[in-house]
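Chemist: Have a look at this one.
The values are calculated or read from the model by the stated rules, or taken from the named source; none is laboratory data. Since the structure is predicted, the reported quantities are computational estimates derived from the model, not experimental observations. FYI the Cβ positions are ideal-geometry reconstructions off the backbone, even for glycines, and counts take in every protein chain you see. Ligands, DNA and RNA are stripped out before the accessible areas are found, and what is left, the full protein with its side chains, is counted by its heavy atoms. Shrake-Rupley method; radii C 1.70, N 1.55, O 1.52, S 1.80 Å.
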Amino acid sequence: MKEVTPAEGQRLVQQGALLVDVREPDEYEAVHAEGAQLMPLSEFEARASELPKDRPLVMICRSGARSARAGEWLLEQGYSDVVNLQGGTNAWVEDGLPSVHGSGVRGNA
């Protein structure tokens, strides 16, 4: 599975890709990349049909491992334009990209 840096991932999202966060709700609530759609790994296979096949998908989790598994599974299901965000939400926040924190405050980490 192809991996992209946080900056590349943000660029893809700005160009119309969907950012899919596969962490659990409590993790997402604490901090997530701005614009990320939550689809927890625990519900992923049951809900994957909600994801568009005609739009690029950028998968993200905390560090990149769970999102890589989810992305590989999507590729096996016939999705063709799926990449994994290297380093996950941790790297996204560390790079100062737009994120939403538990308090609802938007900003750069």
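Chemist: State, to one decimal in nm, how far the label point of Asp95 lies from the label point of Leu41, with both points 7 Å from Cα in the Cβ direction.
Modeler: The two pseudo-label positions are separated by 2.1 nm.
Chemist: Of all the accessible heavy-atom surface of the chain, with the other protein chains kept in place and a 1.4 Å probe, what percent is carbon and sulfur? Each step should come with its number before you reach the end.
Modeler: Working: 2530 of 5480 Å².
Solvent-exposed carbon and sulfur of the chain make up 46 percent of the total.
Chemist: Taking the Cα centre of the chain as the origin, how large is its charge dipole in debye, to the nearest 20, when only Lys and Arg (+1) and Asp and Glu (-1) carry charge on their Cβ atoms? Intermediate results must be reported in sequence, preceding the final value.
Modeler: Values: 10 positive and 17 negative charges, 36 e Å.
Using only the charged Cβ atoms, the result is roughly 180 debye.
Chemist: Mind putting a number on the dipole of the stretch 10-68 about its Cα centre? Charges go on the C-beta only, +1 for Lys and Arg and -1 for Asp and Glu, and I need it in Debye to the nearest 20. Present the calculation step by step, with values, prior to reporting the outcome.
Modeler: On the way: 7 positive and 10 negative charges, 66 e Å.
Rounded to the nearest 20 debye, it is 320 debye.
Chemist: Tell me what the chain gives for mean residue ellipticity at 222 nm when only DSSP H runs of n ≥ 4 count, each as -39,500 (n - 2.57), the sum divided by the residue total, rounded to 500 deg cm²/dmol. List each step's numbers first, then the result.
Modeler: Values: 5 runs with 38 residues, N = 109.
When only DSSP H runs of four or more count, the value is -9000 deg cm²/dmol.
Chemist: Still on this structure, please answer the following. Can you check what the Kirkwood hydrodynamic radius comes to for the stretch 45-93, Cα pairs only, in Å to one decimal?
Modeler: Roughly 10.9 Å, rounded to one decimal.
Chemist: Under the √(5λ) rule applied to the eigenvalues of the Cα gyration tensor, what semi-axes describe the equivalent ellipsoid of the chain? Give them in Å, descending. Let's see the in-between values first.
Modeler: Values: eigenvalues 86, 45, 27 Å².
Largest first, the chain gives 21, 15, 12 Å.
Chemist: With a probe of 1.4 Å, find how much accessible area the chain has per residue, and write the answer as a whole number in Å².
Modeler: So the chain comes to 50 Å² accessible per residue, rounded to a whole number.
Chemist: Under 5 Å between amide H atoms, partner at least 5 residues away or on a different chain: which partners does Asn84 have, H built in plane at 1.01 Å?
Modeler: Under 5 Å from the amide H of Asn84: Lys2, Glu3, Val4, Met59.
Chemist: Along the Cα-to-Cβ line of Ser49, 7 Å from the Cα, sits a label point; which residues in the stretch 70-85 have backbone N less than 15 Å from it?
Modeler: Counting only backbone N, you get 77-78.
Chemist: Scan around Leu19 for amide H atoms under 5 Å from its own, H built in the peptide plane at 1.01 Å from N, and keep only partners 5 or more places away or cross-chain.
Modeler: For Leu19, whose amide H was placed from the backbone, the distant partners under 5 Å are Gln37, Val58.
Chemist: Residue by residue through the stretch 67-77, which ³J(HN,Hα) values in whole Hz follow from phi under the Karplus form 6.51 cos²θ - 1.76 cosθ + 1.60 (θ = phi - 60°), with glycine and proline marked x?
Modeler: With coefficients 6.51, -1.76 and 1.60, one gets 5, 5, 4, 5, x, 4, 4, 4, 4, 5, 8 Hz.
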